[in-house]
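The values are calculated or read from the model by the stated rules, or taken from the named source; none is laboratory data. Quick caveat: nothing in here was measured; it's all calculated off a predicted structure. Because the Cβ atoms are built from the backbone with ideal geometry, glycine has one as well, and the counts that use them run over all protein chains shown.
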Amino acid sequence: MAGKHVAVLMGGWVNERPVSLSTGKECADALEEAGYRVTRIDVDRNISAVLRELRPDVAFNALHGPYGEDGCVQGILEFLNIPYTHSGVMASSLAMNKVKAKAVMAAAGVPVTRHVVVNRGDILREHPMEPPYVLKPINEGSSFGVLIVQKDQEFPPQELSREDWPYPEVLMCEKFIAGRELTCAVMNDKSLGVIDILPQGHGFYDYEAKYAQGGSKHILPAKISPIVYQNIETLAVKAHQALDCRGVSRADFRFDEREDGSGELICLEVNTQPGMTPTSLVPELAAHQGMSFKDLVSWMVEDASCCR
């Protein structure tokens, strides 16, 4: 650790820039407290030249969303031979693509929702499946662009007709699973536990519920049956390994809890670079296991490598 130079990559130019800046600040502060020499980099399109000149020992990737967690910056770091945190090029790209990730997870025995890929214009003409269903951009995070179509909604959501629609034309439509929002972090191929997420004043765990103070209530450990709890942990590790993730990841689940035991448990997606903001879930899960935030980010730095 002594004298190790860590470049914390944060910011960027996509929708999740504010989240990334918050994650980056928290991680950089903790790494400095742990004794690392830290350089904070607000990433733009000349990041390759910046890193080539800086030559840090490790890049701590605190970016979120396209370009930062989809394999792009990971590829740059591979070319520059700079060890980096989180997952590698392939796993990052695969997990970011919700449709392809579902196919890989399903093949590994992880339950996923029924889903179809649809064009925005086609959705405006007719429901792509019987409501209720959820529409999502295929390669976005932090719930950007997510629309929930309720069972009694006669027409598809008119938000899709906006001339300034900010997301890609192709979307994923998946069956809506009622019930509880649960998440499980995986670190070094081991579960850190399961949190039950209760959005406060929000219809679902959207951007505000994720990042605003008081936007959601976290129950840790989740108050579910021990069998379901253990099943979620097993599936989170299985998804992490199926996608070939490295370091820390977080798998999100929906659990339709019914008295007769017929409810579904499905994995929504795996996040290869979970948020590390003051309201984020992974630091809370790590703390529950007795690991301080400083120790968590230090472990991630020491775990960094190329060819991940």
- Only one of (1) among the β-branched types (Val, Ile, Thr); (2) in contact with a helix residue (DSSP H, G or I) (Cβ under 8 Å, 6 or more places away or on another chain); (3) more than 24 Å from SER93 (Cα to Cα) is not met by ILE138, so which one is it? (3)
- Message: For the stretch 101-121, give me each residue that is surrounded by 15 or more Cβ atoms within 10 Å (Cβ to Cβ) and within 19 Å of TYR167 (Cα to Cα).
- Response: HIS115, VAL118, ARG120
- Determine whether the stretch 81-89 contains at least one residue that is surrounded by 19 or more Cβ atoms within 10 Å (Cβ to Cβ), out of contact with any Lys or Arg (no Cβ under 9 Å at 6 or more places or on another chain) and under 24 Å from TYR167 (Cβ atoms). no
- Message: Here's a check for you: in the stretch 1-24, which residue that is within 21 Å of the chain's Cα centre (by Cα) and of a type in the set (Val, Ile, Thr) is nearest to SER298 (Cα to Cα)?
- Response: VAL8
- Query: Exactly one of (1) out of contact with any Ser or Thr (no Cβ under 9 Å at 6 or more places or on another chain); (2) without any contact (Cβ under 8 Å) to a residue 12 or more places away in the chain; (3) within 20 Å of CYS306 (Cβ to Cβ) is unmet by LEU51. Its number?
  - Reply: (2)
- Please note which helices (runs of 4 or more DSSP H) are completely contained in the stretch 71-164 and include at least 2 residues that are hydrophobic (A, V, I, L, M, F, W, C) and farther than 23 Å from ILE47 by Cα. 98-107, 120-125
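Residue-wise test of (1) at pLDDT 95 or above; (2) under 21 Å from GLU302 (Cα atoms); (3) of a type in the set (A, V, I, L, M, F, W, C).
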{"site": "GLU26", "(1), (2), (3)": "yes, yes, no"}
{"site": "GLU33", "(1), (2), (3)": "yes, yes, no"}
{"site": "ARG40", "(1), (2), (3)": "yes, yes, no"}
{"site": "ASP44", "(1), (2), (3)": "yes, no, no"}
{"site": "ALA49", "(1), (2), (3)": "yes, no, yes"}
{"site": "PRO56", "(1), (2), (3)": "yes, yes, no"}
- Message: Regarding the stretch 134-156, can at least one residue be identified that is among the aliphatic types (A, V, I, L, M), out of contact with any Lys or Arg (no Cβ under 9 Å at 6 or more places or on another chain) and touching a residue at least 40 places away in the same chain (Cβ under 8 Å)?
- Response: yes
- Note on the structure: Restricting attention to the stretch 19-53, the residues that are part of a strand (DSSP E or B) and aliphatic (A, V, I, L, M) number exactly 3
